[in-house]
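Take a look at the structure below.
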Amino acid sequence: MLELIRQWLLGITAAAMVVALAESLCLKGSLRGVVRLTGGLVLLTAVLNPLLRLDMEELGLALTEYRLDLSGYSAELEEENETLMRDIIEEQSAAYIQDKAAELGIDCQVSVEADGEGEWPVPRAVTVSGDLTAEQRETLTRTIEADFAIPAERQSYEGGDET
């Protein structure tokens with residue numbers, strides 16, 4: 001492609017030099033107008049020549065290939081966006097639950113698993129790690145159910161008092 005552009009620019013430059021030389025050698029008068037007109041047509045031909053030799057079938061194939069590549073990149077980008085969105089929602093949800101737990105006087109670590117089945121990822125399951133009493137677990141379970149609509153069956157607790 002760059003070679004084609006280089007040849008095109010060399011052709012225009014060569015045509016411009018020939019036209020300039022012809023105009024400088026021409027005497028003043030009516031012949032000079034004809035030389036200028038002819039020189040302009042030569043330059044126009046040099047500029048438009050690649051377009052006249054353009055293979056439309058090859059151009060169509062190149063454009064089709066470009067569109068296919070573009071749609072492939074688009075699909076990859078969409079998948080990457082979904083992954084990033086799910087990661088952000090998981091992190092933000094875990095931070096929110098951990099802050100709520102801290103407000104309740106509970107020291108714990110929280111991880112959230114989001115489900116990306118719908119249009120937007122939604123927190124699906126929660127794992128809480130730390131030493132929690134049965135009362136703290138119950139309070140945190142109700143808080144998570146109220147704020148995230150994650151039922152107790154999808155909340156798991158690791159460590160702490162098992163009674």
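In the stretch 133-163, of all residues being hydrophobic (A, V, I, L, M, F, W, C) and in contact with an Asp or Glu (Cβ under 7 Å, 6 or more places away or on another chain), the one that is farthest from TYR96 (Cα to Cα) corresponds to ALA134. Look at the stretch 75-100: where a residue is under 21 Å from GLU145 (Cβ atoms) and a partner is of a type in the set (Val, Ile, Thr) and assigned to a helix (DSSP H, G or I), sitting 6+ places away or on another chain with Cβ atoms under 6 Å, you get LYS100/THR143.
Checking each residue in the stretch 53-66 for being surrounded by 10 or more Cβ atoms within 10 Å (Cβ to Cβ) and of a type in the set (D, E, K, R) picks out only GLU65.
Quick one: count up the residues across the stretch 86-112 that are under 25 Å from the mean Cα position of the chain (by Cα) and not hydrophobic (A, V, I, L, M, F, W, C). Break it down stepwise before answering.
The first filter runs over the stretch 86-112 and keeps only residues under 25 Å from the mean Cα position of the chain (by Cα), leaving 86-92.
Next, from what is left, pick out any that are not hydrophobic (A, V, I, L, M, F, W, C): 86-87, 90-92.
Number satisfying all stated conditions: 5.
Residues of the stretch 21-44 that are of a type in the set (S, T, N, Q) and either farther than 27 Å from TRP8 by Cβ or surrounded by 11 or more Cβ atoms within 10 Å (Cβ to Cβ) (or both): SER30, THR38. Considering the stretch 135-163, and only residues there that are loosely packed, with under 13 Cβ neighbours inside 10 Å and among the polar types (S, T, N, Q), the residue that is modelled with the highest pLDDT turns out to be SER156.
Looking at the stretch 3-23 only, could you name the residues that are farther than 10 Å from ALA46 by Cα and of a type outside the set (Lys, Arg)? Spell out how you get there, then give the answer.
In the first step, residues of the stretch 3-23 are kept if they are farther than 10 Å from ALA46 by Cα; the result is 3-7, 17-23.
Passing the criteria: GLU3, LEU4, ILE5, GLN7, MET17, VAL18, VAL19, ALA20, LEU21, ALA22, GLU23.
The values are calculated or read from the model by the stated rules, or taken from the named source; none is laboratory data. Note that the structure is predicted; figures quoted are calculated from it, not measured. Cβ atoms come from the backbone with ideal geometry, glycine included; neighbour counts cover every protein chain shown.
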